[in-house]
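Working notes, beginning with the structure itself.
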Amino acid sequence: MQAYSQWTSPEGTLGTIVREAHARAAELEGRHAELEQIAANATVGPSFADALRREAVGLIAEVKRRSPSRGDIAPRLDALAQATEYLRGGAVALSVLTEPAHFGGSPQDVLDVRRSVPLPILKKDFHVAPIQLLEARALGASAALLIVRALSPEVLPAMMQAGGELGLDLLVEVRDEAELARALDAGATIIGVNNRNLESLVIDPSTAERLIPQIPSGVIAVAESGIVSRPDVERYAAVGADAVLVGSSLSGAVDVAQATRALTGVTRRERGR
């Protein structure tokens, strides 16, 4: 823990959203008993981790209406219709945003998709408290996102333990070597490398190229942000990515199934560790 003593609360866009996430989590605590009951009876979705262990680089297709960096992408997007097209196009898993203010998401989107689309769902939000993971389980999500930069050295392991006890797979997102070390020390088995700095919103496409080769071979590696074309997928396949997560370019596509299909079928290469 001493090695992480220099951690400070996130700033910029991420800092704003994290503060709002803490307020949403506090409100959600009022439904704790209700969510526990729903979660206890909820149908378990397909395994998110298993979906990413394939010969080809897996595509996690994201349901995304807007973002802080781009503003409106597809403000009238219907989550179920979009997810259905992703399934037709060959996506192996779905990422469904539930953050409302900056991404236009809703927990209802997860419910709508889960009832009709037989793919594992990652509940993508700024999860800062265990109650949010309980909500993910109650919604029927297979996995939830944890952003290392958003969680203190004390909170990250606690969140991972809470998610594990709920039976959730956890996509643990990092952006540099120090965060990768924190994720591995906390026991992450699925690591997402975000090319976007969520505090400044700047994208550096080389981030995933640099970090993915450092992820042990037994840990699933996912490249995130700035992926718009098949050559982008091939770029990260070359360094050992098991999957890519694509949001804006697919959510804004005219022919969603065709755009999805164009990013699938890229051969995965083993990492050397």
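The values are calculated or read from the model by the stated rules, or taken from the named source; none is laboratory data. It should be emphasised that the depicted structure is a prediction, and the values quoted were computed from it without experimental measurement. With ideal geometry, Cβ positions are generated from the backbone for all residues, glycine too; neighbour counts draw on all protein chains shown.
A few comments on the model shown:
- Of all residues in the range 125-144, at least one satisfies being within 18 Å of Leu87 (Cβ to Cβ), polar (S, T, N, Q) and either without any contact (Cβ under 8 Å) to a residue 60 or more places away in the chain or part of a loop (DSSP other than H, G, I, E, B) (or both).
- Just one of the numbered conditions (1) buried (at least 21 other Cβ atoms within 10 Å of the Cβ); (2) within 23 Å of Gly163 (Cβ to Cβ) is not true of Ala259: (2).
- Ala91 being assigned to a strand (DSSP E or B), among the small types (Gly, Ala, Ser) and surrounded by 13 or more Cβ atoms within 10 Å (Cβ to Cβ): no
- Scanning the range 17-57 for residues that are farther than 26 Å from Ala138 by Cα and crowded, with 16+ Cβ neighbours inside 10 Å yields Ala56, Val57.
- Residues of the range 178-209 classified as in a strand (DSSP E or B), under 25 Å from Gln161 (Cα atoms) and among the charged types (D, E, K, R), total: 0
- Of all residues in the range 98-122, those satisfying the criterion of being among the small types (Gly, Ala, Ser) and within 21 Å of Ser67 (Cα to Cα) are Ala101, Gly104, Gly105, Ser106.
- Considering the range 94-110, and only residues there that are buried (at least 18 other Cβ atoms within 10 Å of the Cβ) and outside any loop (DSSP other than H, G, I, E, B), the residue that is nearest to the chain's Cα centre (by Cα) turns out to be Ser95.
- In this structure, Arg19 qualifies as under 19 Å from Leu198 (Cα atoms) and either not β-branched (Val, Ile, Thr) or not in a loop (DSSP other than H, G, I, E, B) (or both).
- Filtered by the rule that a residue be assigned to a loop (DSSP other than H, G, I, E, B), under 17 Å from Glu62 (Cβ atoms) and touching a residue at least 24 places away in the same chain (Cβ under 8 Å), the range 251-272 gives Gly252, Ala262, Leu263, Thr264.
- Identity of the residue in the range 165-177, outside any loop (DSSP other than H, G, I, E, B) and of a type in the set (Asp, Glu), that ends up nearest to the chain's Cα centre (by Cα): Glu173
- Condition broken by Gly45, with the remaining ones in (1) touching a Gly at 6+ places or on another chain (Cβ under 8 Å); (2) in a helix (DSSP H, G or I); (3) in contact (Cβ under 8 Å) with a residue 60 or more places away in the chain satisfied: (2)
- Any hit, the range 194-209, residues being buried (at least 20 other Cβ atoms within 10 Å of the Cβ), of a type in the set (A, V, I, L, M, F, W, C), in contact (Cβ under 8 Å) with a residue 40 or more places away in the chain and within 19 Å of Gly58 (Cα to Cα): no
- Residue count for the range 48-70, restricted to those that are part of a helix (DSSP H, G or I) and either in contact with a strand residue (DSSP E or B) (Cβ under 6 Å, 6 or more places away or on another chain) or at positive phi (or both): 3
- Verdict on Leu151 being of a type in the set (A, V, I, L, M), in contact with a helix residue (DSSP H, G or I) (Cβ under 7 Å, 6 or more places away or on another chain) and free of Cβ contacts under 8 Å to residues at least 24 places away in the same chain: yes
- Scanning the range 210-250 for residues being modelled with pLDDT under 95, surrounded by 21 or more Cβ atoms within 10 Å (Cβ to Cβ) and not in a loop (DSSP other than H, G, I, E, B) gives a total of 0.
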